[in-house]
Each structure stands twice: as C-alpha cells, then as structure tokens.
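Peer 1: A single structure is presented below for examination.
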Amino acid sequence: MKIAAVIVAGGRGHRLGRSQPKQFAQLGSRPLIDYSIEKFASINLDFIIAVLVEDYQKYYQPHPAITHIARGGKTRLQSVYNGLKACPKETRVVLIHDAARPFFPAGRLKEALDNMGKMDVDGLAPALVSTDTLVEVDNGQIISFPDRHRIYHTQTPQIFIYEKIMSAYEKFRENLNDQPFTDDLSLAHSAGLRCGLIEGSQMNFKITTESDWVLAEQLLKSGGLDFT
C-alpha cells in the first residue's frame with residue numbers, strides 16, 4: 001500500500017507579519033515546513049508532495065525528502081486539489097497536512113495508518129474535544145450555548161483513502177474556490193464519505209500569529225518533547 005503526504009504550503013501567511021511566507025521562515029534551526037517533512041520521512045512514507053507558492057525559489061531550497069512539488073492555488077482547497085493531482089497513480093492512502101503545524105505526533109499518526117485498513121471509514125482526522133464554554137451569536141446577541149462535549153477541534157494530518165478524497169474533490173472542482181469548507185474532513189463529509197476522528201494533541205497547534213511563533217520557539221528550546 002503506497003502512502004503519500006500532501007503538505008499544504010501554498011499561502012503567504014500575512015497574519016504573521018513576516019517578509020517571506022511563514023512556511024519558509026526559520027523556526028529554530030530550519031524552515032517551518034521542514035519539521036513536517038522530516039516527520040513524514042521518519043515514518044517512511046512513499047511520497048511527500050509539497051504544495052508551494054509559485055515563487056518559492058526566492059525563499060526556500062526544497063528539502064531532499066520531497067518527492068514532488070505542486071503549485072499552490074488561490075485558496076487552500078485549490079492547493080490541496082493540486083497536491084492530490086500530483087500524487088503518483090500508485091497512491092492508496094493520502095495524508096493532507098498544513099505546513100504550519102510542525103508538532104504533530106508522528107508515533108500516533110503511524111499507529112492510525114497501521115489500523116486504517118481495519119476501520120470502516122474513508123477518512124480520519126485528529127481532533128480534541130472542546131474544553132471551553134461555547135456561545136452561538138447572531139447579530140451580536142447570544143442565542144445558544146452548544147454542548148461543548150459534542151464539539152471537537154479538528155487538526156491535521158488528515159488521512160484518507162486516496163481514490164475517495166480525490167473523488168470528493170472532483171465533485172466540487174468546477175467551483176472549488178467558492179466552497180466554504182475550511183478543511184478536508186468537512187469537504188469529505190459533504191461529499192458523502194464516511195469519516196471518523198482519532199485523538200489529537202495539544203502540541204499540534206497551528207502557527208498563525210506572532211504569539212504562536214514565540215510559543216513554538218519556546219517549545220523547541222525546552223527540549224522536553226521529541227519534535228523530530
């Protein structure tokens with residue numbers, strides 16, 4: 001069974017306020033994207049597809065473990081679709097991952113991959129149950145308090161049977177850039193795929209703001225966790 005990882009790094013990351021796209025900025029000793037690449041390489045995936053901004057050469061020397069490079073799209077969904085199309089035809093399972101999440105637990109991911117064939121699902125995503133009180137608001141007015149025990153925060157990498165998620169993206173390809181989906185699990189569910197959740201990690205946060213970046217640097221300096 002050939003397994004591919006699609007690392008989405010096609011955006012500009014303007015919210016971080018840096019001169020180069022955040023996925024290429026140095027976090028500790030290497031570019032942010034390389035942490036994800038090296039984790040995927042450590043669990044011996046067959047293919048690693050990096051979806052990069054068109055002018056990536058100005059900022060980044062591709063990691064040698066990358067097997068294919070795809071062009072980023074106008075939206076995340078278009079970038080993912082470009083990455084899926086770049087997967088070799090032998091691909092049977094694909095992991096879709098945001099380059100801005102460098103600290104996902106590789107061991108837990110490998111366990112999920114090993115058990116994928118035993119699960120009656122087309123896709124899986126790591127997720128954390130909400131621990132905060134949730135409030136639904138309409139026009140500035142509180143209208144409800146959803147049950148937080150039924151609400152989960154999804155993360156990446158998200159794992160799919162390749163032909164299933166490719167078919168789901170094909171279903172929306174004519175107006176992909178206008179779709180409201182914020183991750184691949186929501187698109188897959190809307191397309192009728194059977195999807196499930198696996199345990200996520202508090203360390204698997206997405207670096208979006210400067211405070212996220214500072215936290216990531218402090219975690220690296222602490223040396224208390226294995227980020228390889």
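Peer 1: Please enumerate the residues belonging to the range 188-202 that are under 21 Å from Phe104 (Cβ atoms), more than 15 Å from the chain's Cα centre (by Cα) and hydrophobic (A, V, I, L, M, F, W, C).
Peer 2: Of everything in the range 188-202, just one residue is under 21 Å from Phe104 (Cβ atoms), more than 15 Å from the chain's Cα centre (by Cα) and hydrophobic (A, V, I, L, M, F, W, C), namely Cys195.
Peer 1: Assuming Thr208 fulfils every condition listed in (1) open to solvent by 40 Å² or more (accessible area, probe 1.4 Å); (2) out of contact with any Asp or Glu (no Cβ under 8 Å at 6 or more places or on another chain); (3) over 17 Å from Ser29 (Cα atoms) apart from one, which condition is it?
Peer 2: Here Thr208 clears every test but (1).
Peer 1: List, please: which pairs have Cβ atoms under 6 Å, are six or more places apart or on different chains, and start with a residue in the range 197-212 that is farther than 14 Å from Ala100 by Cβ and end with one that is modelled with pLDDT of 95 or more and among the polar types (S, T, N, Q)?
Peer 2: Gly200/Gln155
Peer 1: So which residues in the range 92-132 are without any contact (Cβ under 8 Å) to a residue 60 or more places away in the chain and either under 23 Å from Thr208 (Cβ atoms) or part of a loop (DSSP other than H, G, I, E, B) (or both), if there are any at all?
Peer 2: Scanning the range 92-132 gives Val129, Ser130, Thr131, Asp132.
Peer 1: Arg12 is checked against (1) open to solvent by 10 Å² or more (accessible area, probe 1.4 Å); (2) out of contact with any Pro (no Cβ under 7 Å at 6 or more places or on another chain); (3) on the phi < 0 side of the Ramachandran plot; (4) not β-branched (Val, Ile, Thr) and fails just one. What number does that condition carry?
Peer 2: All conditions are met except number (2).
Peer 1: So, one more: Looking at Tyr81, is it at negative phi and either within 17 Å of the chain's Cα centre (by Cα) or outside any loop (DSSP other than H, G, I, E, B) (or both)?
Peer 2: So Tyr81 fits the description; yes.
Peer 1: Let me spell it out: the conditions are (1) more than 27 Å from Met203 (Cα to Cα); (2) part of a loop (DSSP other than H, G, I, E, B), and Tyr60 meets all of them except one. Which number is the exception?
Peer 2: (1)
Peer 1: Residues that are open to solvent by 40 Å² or more (accessible area, probe 1.4 Å), of a type in the set (Val, Ile, Thr) and over 27 Å from Ala99 (Cβ atoms): does the range 140-163 have at least one?
Peer 2: Looking for residues that are open to solvent by 40 Å² or more (accessible area, probe 1.4 Å), of a type in the set (Val, Ile, Thr) and over 27 Å from Ala99 (Cβ atoms), one finds at least one in the range 140-163, hence yes.
The values are calculated or read from the model by the stated rules, or taken from the named source; none is laboratory data. Quick caveat: nothing in here was measured; it's all calculated off a predicted structure. Quick reminder, even Gly has a Cβ in these numbers, built from the backbone with ideal geometry, and neighbours come from all protein chains shown. Remember, those area values only see protein heavy atoms, side chains included, never the ligands or the DNA or RNA. Shrake-Rupley method; radii C 1.70, N 1.55, O 1.52, S 1.80 Å.
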